[in-house]
Amino acid sequence: MERYFDENHLMIRDMVRDFARNEIAPVARELDVTSAFPWENVRKMGELGLFGIPWPEELGGAGMDGIAYMIVIHELAKVDASHAITVSAHTTLGTSPIVAFGTQEQKERFVPLLASGQVLGGFGLTEPGAGSDAGGTQTTATRADGGWILNGSKIFITHAGVGEVFVATAVTDRKAGPKGITSFIVTKPTTDLDRAREVGVGHSDALEFIDGVRAGKKEDKMGWRASDTRELVFDNAFVPDANVLGEVGKGFVNFLRTLDSGRIGIGALSLGIAEGAYEAARRYATERKQFGQAISEFQGIQFMLADMATEIEAAKHLVYHAAWLKEQGRPFTKEASMAKLFASEAAMRITTKAVQVHGGYGYTNEYPVERMMRDAKICEIGEGTSEIQRLVIARHILRELSH
Ligand SMILES: Cc1cc2nc3c(=O)[nH]c(=O)nc-3n(C[C@H](O)[C@H](O)[C@H](O)COP(=O)(O)OP(=O)(O)OC[C@H]3O[C@@H](n4cnc5c(N)ncnc54)[C@H](O)[C@@H]3O)c2cc1C
């Protein structure tokens, strides 16, 4: 990995690694069991600057590059995927569209609050009838004096409850198809106001909240249980013109660009889960004795560990190569899809093997590998399913053939 990392990258890696071991590992199981949002650690991650890694210092960010950001996601996910997706959904989905497509005024209004972790952000794209086919958005934005009136509902939105700033898409011109979709910045108060006030993050009185934007019921999920996932509802919500993000009609192309970067992040998150499970299995295999010897002495176990280590090495190169291409300003859509596809499917295989290496103990929550196996599954679904990644890759490789 030396070719991708410099001294600053190694410093942030060690810092996040220590934080994850000391502050996240002791609470990860309890947060998973109770499906509780990690407010205390959100405050601590904010203090460490983890919510604004790739943003310029003048906007309150750490001024680091995209590789440093992937390292943060990777290291957090080795210990707990819910913490990793909290930073990832907030940064890539919630904040990056404002940094990329926002006006100077919008950036100054929202990014410092998001980069410090004072408030949490999210991205409202998916709808009940528009998942993989996100261009099938039904939420409408109707022109009104000085703004737009939004009606509709977004589902499975990370941070829809705890968050306060969202980038959401709506149809501004039905006849124009995907070119009739526009992005908006919408705000609502957190559903955890008391807890936010107690920990000192998660809410800002400086935000003007929009009436008619509210969170729905919290999802009871298989994995990522400490991450907040809910419906985000727009009920005659008046969004002022000052909150239109990017050009009217450019919402579709802009969210595709956001998802390209997001896919590298889910690749890094998958890689972290896989590595965490592999490290636990390798350690366990040397400690657990059967037939009078450590189970790591059995070739059957060694082969599993060898396959896990090999897939992790391959996933690392795909993820950091895609991140490097992006940093170089080169095209990276195909490579981002490849990194996400391979790393998420590898994470599923590796966490399943890690449970197998642990035998019956692996099936209980005494060891973290069963949580990691549940956490890995959603990586094959969120931010574009494996099937959608294959479609993106196929489109690119066939296009390359015709050139
Ligand atoms: C925990 C969690 C967090 C999430 N966070 C967010 C968020 O913050 N913001 C947000 O906007 N969304 C979020 N999502 C939504 C997520 O991105 C979608 O669930 C995902 O894109 C798939 O959409 P869908 O669930 O509607 O599945 P569908 O699109 O209905 O897919 C069902 C099946 O059909 C397959 N399929 C669909 N189309 C094709 C095709 N053309 N070819 C082959 N197979 C196909 C899919 O691969 C899948 O296997 C989240 C989801 C979850 C579960």
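Bear in mind that the values in this text are calculations on the coordinates, not laboratory data. Small disclaimer: the values here were computed from a predicted structure and weren't measured. Cβ atoms come from the backbone with ideal geometry, glycine included; neighbour counts cover every protein chain shown.
With a/c under 1.5 counting as rounded, go ahead and sort the stretch 1-67 into rounded, prolate or oblate using the C-alpha gyration tensor (a ≥ b ≥ c being the square roots of the eigenvalues; past the cut-off, prolate if a/b is larger than b/c, else oblate).
Oblate shape, in that a/c is at least 1.5 and b/c is the bigger or equal ratio.
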Integer Hz, Karplus 6.51/-1.76/1.60 couplings in order for the stretch 99-109, x for Gly and Pro: 5, 6, 10, x, 6, 4, 5, 5, 4, 5, 6
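Indicate the gyration tensor shape class of the stretch 253-402 (rounded, prolate or oblate), computed on the Cα atoms with a ≥ b ≥ c the square roots of the eigenvalues: a/c under 1.5 is rounded; otherwise a/b larger than b/c is prolate and the rest oblate.
Judged from the Cα gyration tensor, the stretch 253-402 comes out prolate (a/c at least 1.5, a/b above b/c).
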Counting each DSSP H run of 4 or more residues in the chain as -39500 (n - 2.57), what helix-only mean residue ellipticity at 222 nm follows after dividing by all residues, to the nearest 500 deg cm²/dmol? -16000 deg cm²/dmol
For all pairs of alpha-carbon atoms in the chain, what percent lies in each bin of width 20 Å, listed from the first bin to the last filled one? 28, 58, 13, 1
Considering only C-alpha atoms, what is the centroid distance from the stretch 182-217 to the stretch 328-351, in Å? 33 Å
In Å³ per residue, the alpha-carbon convex hull of the stretch 7-115 encloses 88 Å³
Note on the stretch 253-402: contact order normalised by length, alpha-carbon pairs under 8 Å, 6 or more apart, percent, works out to 33 percent
For a test of the definition: using alpha carbon positions, the gyration tensor, and the 1.5 limit on a/c, classify the stretch 121-249 as rounded, prolate or oblate. oblate
Which cross-chain or sequence-distant (5 or more) residues have an amide H under 5 Å from the amide H of Gly124, H modelled 1.01 Å from N in plane? Val167, Ala168, Thr169
Counting pairs of alpha carbon atoms under 8 Å apart in space and at least six apart in sequence, what relative contact order in percent does the stretch 137-215 give? 26 percent
In angstroms, what radius of gyration and Dmax does the stretch 51-93 have, counting Cα atoms only? 10.2, 31
Would you list which aspartates and glutamates come within 12 Å of Lys78, measuring only between C-alpha atoms, while excluding same-chain residues fewer than 8 positions from it? Asp18, Glu275, Glu279, Asp375
Can you tell which of Pro97, Pro54, Gly180 lies farthest toward the positive end of the dipole of the chain, using +1 and -1 charges on the Cβ of basic and acidic side chains (Lys, Arg; Asp, Glu)? Gly180
Using a Gaussian network model on the chain with a 10 Å cutoff between Cα atoms, which of Lys217, Lys44, Lys78 fluctuates the most? Lys217
Could you tell me which of the pairs Lys326/Lys377; Lys154/Lys221; Lys154/Lys179; Lys107/Lys175; Lys221/Lys340; Lys188/Lys326 are separated by over 24 angstrom between their Cα atoms in the structure shown? Lys326/Lys377; Lys107/Lys175; Lys188/Lys326
Output the relative contact order of the stretch 12-151, whole-number percent, from Cα pairs under 8 angstrom with separation of 6+ residues. 21 percent
In µm²/s, what is D for the stretch 137-177 at 25 °C and 0.890 mPa s, where D = kT/(6 pi eta Rh) by Stokes-Einstein and Rh is the Kirkwood radius from Cα pairs? 210 µm²/s
Taking the mean number of other Cβ atoms within 10 Å as a proxy for protection, how do you rank 239-246, 3-10, 111-118 from highest to lowest? 111-118, 239-246, 3-10
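With Cβ to Cβ distances under 14 Å as the rule, what net charge do the other residues near Leu305 carry (K, R +1; D, E -1)?
In short, -2.
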For the stretch 1-142, size of Cβ-based charge dipole, Lys and Arg +1, Asp and Glu -1, in debye: 180 debye
Students often forget the sequence filter, so: which aspartates and glutamates lie under 13 Å Cα-Cα from Lys218 once same-chain residues fewer than 8 apart are removed? Asp192, Asp228, Glu231
